[in-house]
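Q: Input: one structure, supplied below.
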Amino acid sequence: MTDANHPPSDPRPSLTEGQRNLTRSRIEQGAMEVVARRGFGATMEEIADWCGVSQRTIFRHYACHDALIVATVKAMFETAGRRPIPGLAAPDEDFDAWLEGLAKTIHTRNAEILGDAFWDIHCPLREPGSGLRDVDELRCAYRRRGVDYLVRLAWKTAGGSGEPPEDLRLAFALEFSAFTTHALMIDFDRTPEQVGELTAKVLRMMLARAVRAQREQPPRAEDGDAQEP
């Protein structure tokens, strides 16, 4: 029973908390757009102007410029990885369409969401104690987790068993990377969709080759079946 003197707590955020979350979300979205265009050199003033808030408001949510940049990079990776892909085929229903649709989406998001921030996000590792050191950890964690998930899913769907080969894992890391996106866009004048099509072709060949190699391997004798010389 509910105690009349102690009514149940309301799980909904208060008006003040709701407004704070809304403002933070507005800053986060605006920061992603500005940083994608300007890289880590985007100033608090530029971000505040884009968001339509004061710099004082931003500092209420983020202690300093580096803290805002780290939070923005995290938001970029989460947006790129969690946003639904409309119309994407299920991998076990149409594997080729799934792989191509996935590749096109990843390269498009690399170009649109990371933008020119790509260069700063993937710069050489920063000195310990740097306010931006967390960017390196975020980048590695998100990339490794995303690649591991996708290569295992593709490997299993393509007919592989057990853990996917390390070479295949590295191929997925390379083909889905923002390095590939930007290199082919800038140096070879390709669109993200065209990069995605090429990526899918390369990975299909790699998968077929890896699955074939696994099936052609002779069965390994169990320890108990090994014969004495």
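Q: With the structure loaded, tell me whether ALA80 is in a helix (DSSP H, G or I), among the aliphatic types (A, V, I, L, M), in contact with a helix residue (DSSP H, G or I) (Cβ under 7 Å, 6 or more places away or on another chain) and modelled with pLDDT under 95 or whether it fails that test. Steps first, answer last, please.
A: Details: in a helix (DSSP H, G or I): yes; among the aliphatic types (A, V, I, L, M): yes; in contact with a helix residue (DSSP H, G or I) (Cβ under 7 Å, 6 or more places away or on another chain): yes; modelled with pLDDT under 95: yes.
Judged against the criteria, ALA80 is a match.
Q: Collect the residues in the stretch 176-194 that are open to solvent by less than 30 Å² (accessible area, probe 1.4 Å) and either of a type in the set (A, V, I, L, M, F, W, C) or out of contact with any Lys or Arg (no Cβ under 8 Å at 6 or more places or on another chain) (or both), keeping them in residue-number order. Full working, then the answer.
A: So the first thing to find is which residues in the stretch 176-194 are open to solvent by less than 30 Å² (accessible area, probe 1.4 Å), and the list is 176-178, 180-182, 192.
Matches in the stretch 176-194: PHE176, ALA178, THR180, THR181, HIS182.
Q: Looking for something part of a helix (DSSP H, G or I) and in contact with a helix residue (DSSP H, G or I) (Cβ under 6 Å, 6 or more places away or on another chain) - is there at least one such residue anywhere in the stretch 184-191? Lay out the reasoning, then the answer.
A: Applying the first criterion (part of a helix (DSSP H, G or I)) to the stretch 184-191 yields 184-188.
Narrowing the set further to residues that are in contact with a helix residue (DSSP H, G or I) (Cβ under 6 Å, 6 or more places away or on another chain) leaves 184.
For the stretch 184-191, residues part of a helix (DSSP H, G or I) and in contact with a helix residue (DSSP H, G or I) (Cβ under 6 Å, 6 or more places away or on another chain): present.
Q: GLY159 fails exactly one of the following numbered conditions: (1) touching a residue at least 40 places away in the same chain (Cβ under 8 Å); (2) open to solvent by less than 40 Å² (accessible area, probe 1.4 Å); (3) within 13 Å of the chain's Cα centre (by Cα). What is the number of that condition?
A: Among (1) touching a residue at least 40 places away in the same chain (Cβ under 8 Å); (2) open to solvent by less than 40 Å² (accessible area, probe 1.4 Å); (3) within 13 Å of the chain's Cα centre (by Cα), the lone unmet condition for GLY159 is (3).
Q: Output the residue which, of all residues in the stretch 7-26 that are open to solvent by less than 100 Å² (accessible area, probe 1.4 Å) and within 28 Å of the chain's Cα centre (by Cα), is modelled with the lowest pLDDT.
A: Within the stretch 7-26, the match that is modelled with the lowest pLDDT is GLY18.
Q: Another one. Restricting to the stretch 84-114, name every residue that is small (Gly, Ala, Ser) and either in contact (Cβ under 8 Å) with a residue 12 or more places away in the chain or in a helix (DSSP H, G or I) (or both). Break it down into steps so the answer makes sense when it comes.
A: Of the residues in the stretch 84-114, the ones small (Gly, Ala, Ser) are 87, 89-90, 97, 101, 103, 111.
Of everything in the stretch 84-114, those that are small (Gly, Ala, Ser) and either in contact (Cβ under 8 Å) with a residue 12 or more places away in the chain or in a helix (DSSP H, G or I) (or both) turn out to be GLY87, ALA89, ALA97, GLY101, ALA103, ALA111.
Q: Return the residue satisfying two criteria in turn: it lies in the stretch 50-82 and is open to solvent by 50 Å² or more (accessible area, probe 1.4 Å) and closer than 14 Å to THR23 by Cα, and of such residues it is nearest to the chain's Cα centre (by Cα).
A: TRP50
Q: Looking for whichever is hydrophobic (A, V, I, L, M, F, W, C), at pLDDT 95 or above and over 23 Å from LEU184 (Cβ atoms) here; the options are VAL34, VAL53. Which one fits? Explain how you work it out, then say what you get.
A: Values: VAL53 fails: at pLDDT 95 or above.
So the residue among VAL34, VAL53 that is hydrophobic (A, V, I, L, M, F, W, C), at pLDDT 95 or above and over 23 Å from LEU184 (Cβ atoms) is VAL34.
The values are calculated or read from the model by the stated rules, or taken from the named source; none is laboratory data. Quick caveat: nothing in here was measured; it's all calculated off a predicted structure. Note: ideal-geometry Cβ built from the backbone for every residue, glycine included; neighbour counts use all protein chains shown. Please note that ligands, DNA and RNA were not included when accessible areas were found on the heavy atoms of the full protein model with its side chains. Shrake-Rupley method; radii C 1.70, N 1.55, O 1.52, S 1.80 Å.
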